[in-house]
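The values are calculated or read from the model by the stated rules, or taken from the named source; none is laboratory data. Predicted model, so just to flag it, every value in this text is computed and none were measured. Counting neighbours? That spans all protein chains shown, and the Cβs are built from the backbone with ideal geometry, glycine included. To get the accessible areas, we keep the full protein, side chains included, count just its heavy atoms, and leave off ligands, DNA and RNA. Shrake-Rupley method; radii C 1.70, N 1.55, O 1.52, S 1.80 Å.
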Amino acid sequence: MIVCFSPYLNGERAVVILFIGCVLFSLPLSLLLHGVALSLLAIFALYVEIRVDISSSSISQFKTRPGASSGILLGAVTLSAVMLSKLIQLSRAFSFHEIESEELNYLAIQYWATYASCFSVLIFLCFVMRHSLDNAHSPPHWSWGAKFGLSCIVLSAALFILSGTGMQTTLKLLWVLFHGFAAVKLVQHLLNTFPSCASIGEALLVTTGLVLYFGDMLACTISKLHGYLISSESDHVQYGIQRSEISTIIQGLLLGLLLFPVFFKFVLHTWDCLFSATVLASGTYERGRTFLFYSSLGLITVVITPSWMQFVQDFQVHPFLWVLTFVFSEPVKRLSLCIYWLCVIYASVLRFYNISRSSKIERILLRKYYHLMAVLMFLPAVIFQPKFLDLAFGAALAVFLTVEIIRIWRIWPLGQLVHQFMNAFTDHRDSDLLIVSHFSLLLGCALPIWMSSGYNDRPLAPFAGILSLGIGDTMASMVGHKYGVLRWSKTGKKTIEGTAAGITSVLAACSVLLPILASTGYIFTQHWVSLLLAVIVSGLLEAYTAQLDNAFIPLVFYSLLCL
């Protein structure tokens, strides 16, 4: 039996199974059905990944990133496991009466929405594979697979219904199914629009996150509209949890920029239809296109998205004025931090850009210095100015999105210059069409901090991205590149020495960080056993995964720290 199944249990899958086992082992009885659902999702994802690996041509219609495995199992379970870990954390708080039941119910719906998004994409991949096999006139060996997939669907629906109570269960089921349908449409769009830029697992992770974020924004808007339309305040249904002004600003700005390319394409198409001939004849087409781009961008960022922010959050002033007021409420600390960040960025980018053009150092190793730069920038801020760092992360991500849109569309005068500059830092995981490494590094550091807002009884959880990427991943690469001899696999480059260095460095950083946190008022509740397990599992995942580790390792580390 071991010999039979050993080809299907590679290192990445073994680490993911260990990760899921850690989460399930920590489940309280009240979340038993959620854990059964996660187990079902993991089994289904493993089945789909094995089928894809056996017949790689079955999904040949999607051009995935060269050199990467499908990563379906890791992509399907990561975000669902994060949500379940947060549910475990909030269930502890609820048992001690530190949070209200509304917050726990809100996160439960988010978990099922995430689950439905991943599950629906897996079903879609099954249909794609079956269609490909039917066209290839393959033997009918899909009968068992079809029955297995149908059984998973029925069991998942039953688990969701059993976990919910009251008359709203049907509406919640429809809302969850809406997330699944949206995830299928979005993953198709991403894989077709950006070929060879991501694996299936990476696209699945991005799709699930975007659908969850968009769905939350839509539900918040509908709830606010419902509150305006009804006459009695007692009938008002508050969606989700109480939001801070910073989270609303970040959500509105980022989603506005993500939707901006669709808006700009519509504006550009309308302009081409109306004035194309005249503009081409006068030779001002490029200037007109540039003017349309910047004017459309200004309309989105200054008028449309702030209007939504004011609608859902009841800002008394324009949100950007609120940001300025917030920054200058503690001008010495926050402006000094901004100056410090600018100095670090200027010195680092200038130094590493010159090295990248004149040195033969490998790009992947050179970019690890940016991980260390992230530690220098974010570690002091997350300890002393966490709310301002939340806002700064959102602003930096908005700048990255804007610059990447300008680069992709080659908007004059910055488009070509940005493209040439960014190419100095790309490696095999990037492409000319889409450069994602800087996004993954920023989000890997930001997401644990954003998700730790509100109740958090694990002081190291916000540092998950900084520790795993800035310290662990960097030390693993440097030590493995210079001293590594024993490789984890015959085909991979990761070494046992590098992994050991990464795990040791993170544990050493935690031993230094915890006393600092205790001196600033944090309550020490992180058990060393759970910390050791989190560091080892995330370190092994970095050693074995062929996916973009900046995206997955911080989420896995964060999930295990929350348990």
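A few comments on the model shown:
- Considering 73, 41, 27, the condition of being modelled with pLDDT of 90 or more, among the aliphatic types (A, V, I, L, M), buried (at least 23 other Cβ atoms within 10 Å of the Cβ) and more than 24 Å from residue 488 (Cα to Cα) is satisfied by 41 alone.
- Exclusive hit being touching a helix residue (DSSP H, G or I) at 6+ places or on another chain (Cβ under 6 Å) and more than 19 Å from residue 538 (Cβ to Cβ), set 43, 72: 72
- For residue 204, the test of being surrounded by 14 or more Cβ atoms within 10 Å (Cβ to Cβ) and modelled with pLDDT under 85 is failed.
- In segment 6-24, the qualifying residues are those that are part of a helix (DSSP H, G or I) and open to solvent by 50 Å² or more (accessible area, probe 1.4 Å), and the one that is modelled with the lowest pLDDT is 6.
- Any hit, segment 522-545, residues being under 18 Å from residue 77 (Cβ atoms) and not in a helix (DSSP H, G or I): yes
- Residue within segment 475-486 that is outside any helix (DSSP H, G or I), surrounded by fewer than 24 Cβ atoms within 10 Å (Cβ to Cβ) and without any contact (Cβ under 8 Å) to a residue 12 or more places away in the chain present: yes
- If you check 539, 498, 502 for being in contact with a His (Cβ under 9 Å, 6 or more places away or on another chain), buried (at least 21 other Cβ atoms within 10 Å of the Cβ) and modelled with pLDDT of 85 or more, only one passes: 498.
- Taken as a whole, the structure leaves residue 558 outside the set of residues that are aromatic (Phe, Trp, Tyr), surrounded by fewer than 24 Cβ atoms within 10 Å (Cβ to Cβ) and under 24 Å from the mean Cα position of the chain (by Cα).
- Only helices (runs of 4 or more DSSP H) whose full extent lies in segment 372-452 are considered here, and the ones with at least 1 residues that are of a type outside the set (Gly, Ala, Ser), at pLDDT 85 or above and surrounded by fewer than 15 Cβ atoms within 10 Å (Cβ to Cβ) are 386-409.
- Some residue of segment 353-362 being assigned to a helix (DSSP H, G or I), at pLDDT 85 or above and either open to solvent by 50 Å² or more (accessible area, probe 1.4 Å) or among the small types (Gly, Ala, Ser) (or both): no
- Residue that is at pLDDT below 90, over 30 Å from residue 107 (Cβ atoms), more than 27 Å from the chain's Cα centre (by Cα) and not small (Gly, Ala, Ser), where the choices are 324, 274: 274
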